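Structure first, commentary second.
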Amino acid sequence: MTEPTEPLQPPVPVPPPAAAGPAVTLAAPAPPASSPPRLRAPLMLQTPVDVRNLSLALLALFASVALLHWASAVFIPIMLSLLLTTALRPVVDVLQRWHVPRWLGSGVLLIALLTGVASAAWSLSDGAVELVNSMPVAAKKVRDSLRQRSGGDSALDTMQKAATQIEQAAAETSSATPTRRGVQRVVIERPSFNIRDYLWSGTMGLMSALGQLTVVVFLTFFSLASGNLFRRKLVRIAGTSLERKKITMQVLNEITAQIQSYLLVQVFTSVLVGIATGLAFWALGLENAAVWAVLAGVLNLAPYIGSVLVTGASALVAFLQFGSVDMALAIGGASLLIHTIVGQLITPWLTSRASSMSPVAVFVSVLAWGWLWGLWGLLLGIPVMMAVKAVCDRVEDLKAVGELLGD
């Protein structure tokens, strides 16, 4: 048998090799000039927004703010007690290392602190009473001096007199109008001044303040005497895993360290403001310079408000003492300069290093907590936000809030 033979394929022509020479590239035809340029679509960040969870979070935030405002009489003593406990705990720990029981060291420390504050207040009470009594006289003297410089009554006084005359004319007209038959005339009488009501309200306010102070002292004593009991309970509540307990301990240690650093900054700046104010007022010849030093140091704890009060009050008292607007401006300018240097340069720098919070967050926190709790909010707002930031930095879902508060 013969095997089938395959048909012969024609040979494939092989192109001749290119001659050596410069390579020639063909360019693509250019687009016509009449075609418009292509616009790139803007980059979009695809972030899903859960409207339901966002609404629930906002409702929870508003409910928390309303609760803090409504129950401020309860939350303010608790926050003050936590602040004092954090500040005094290192001293009690040192006394415990010296074999002093915690309850005894806590009691002795609080009694010594209260005794020192009461003694300082008693020693400066005469100067403080004299200073308070001079404020109305100083205000009246400033008003009379400004009226003399303006050459007569001011525009506000003229408008007040005109309004009084119009009110008297309206009262006379209404009294001259005869009463119609069948219509009963109603006369509204203003209640007479009763000093007992004012004394009673002032006494109740003083008793309320003393009651809150007592609550703060007892809460602080029990917290200091208990040691690390609540810290251990919080770690136990956090969970059974070692990682959750470790994170909880880190949060508590960070909160304690930041609050202690913040308190040290506040004490240092307050002492600095008090010493500088006392020396400046003494050099300028203002009376009761020691009282002004203590007042400036204490009010420095209230950001932005304390400096305004000290500057205005010292200028008024200086005008009463010297009878010169130039000396009043000099005293007020010295106080304003001291508070500006310490409050705008030293305090923000030290606070930002101690709290790791941005100056904008600190300012907004002071405004928000001052609106919420008044003067106490100005003092407690920044420590509260430090604790909030420390928690947000350790919780995955709240890291955005911690990033907003951070520097």
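The values are calculated or read from the model by the stated rules, or taken from the named source; none is laboratory data. Bear in mind the structure is a predicted one, so any value in this text is a computation, not a measurement. Note: ideal-geometry Cβ built from the backbone for every residue, glycine included; neighbour counts use all protein chains shown. Calculation scope for accessible area: heavy atoms of the full protein, side chains included, ligands and nucleic acids excluded. Shrake-Rupley method; radii C 1.70, N 1.55, O 1.52, S 1.80 Å.
Brief remarks follow.
- Test result for residue 294, part of a helix (DSSP H, G or I) and either in contact (Cβ under 8 Å) with a residue 60 or more places away in the chain or polar (S, T, N, Q) (or both): yes
- For residue 263: the one exception among (1) open to solvent by less than 60 Å² (accessible area, probe 1.4 Å); (2) within 20 Å of residue 124 (Cα to Cα): (2)
- Residues that are open to solvent by 50 Å² or more (accessible area, probe 1.4 Å) and either over 21 Å from residue 263 (Cβ atoms) or polar (S, T, N, Q) (or both), drawn from the stretch 80-110: 96, 97, 98, 99, 101, 103, 104
- Among the residues of the stretch 315-331, the ones that are over 16 Å from residue 288 (Cβ atoms) and in a helix (DSSP H, G or I) come to 4 in all.
- Summed over the stretch 296-308, the residues that are at pLDDT below 85, closer than 14 Å to residue 338 by Cβ and not hydroxyl-bearing (Ser, Thr, Tyr) give a count of 4.
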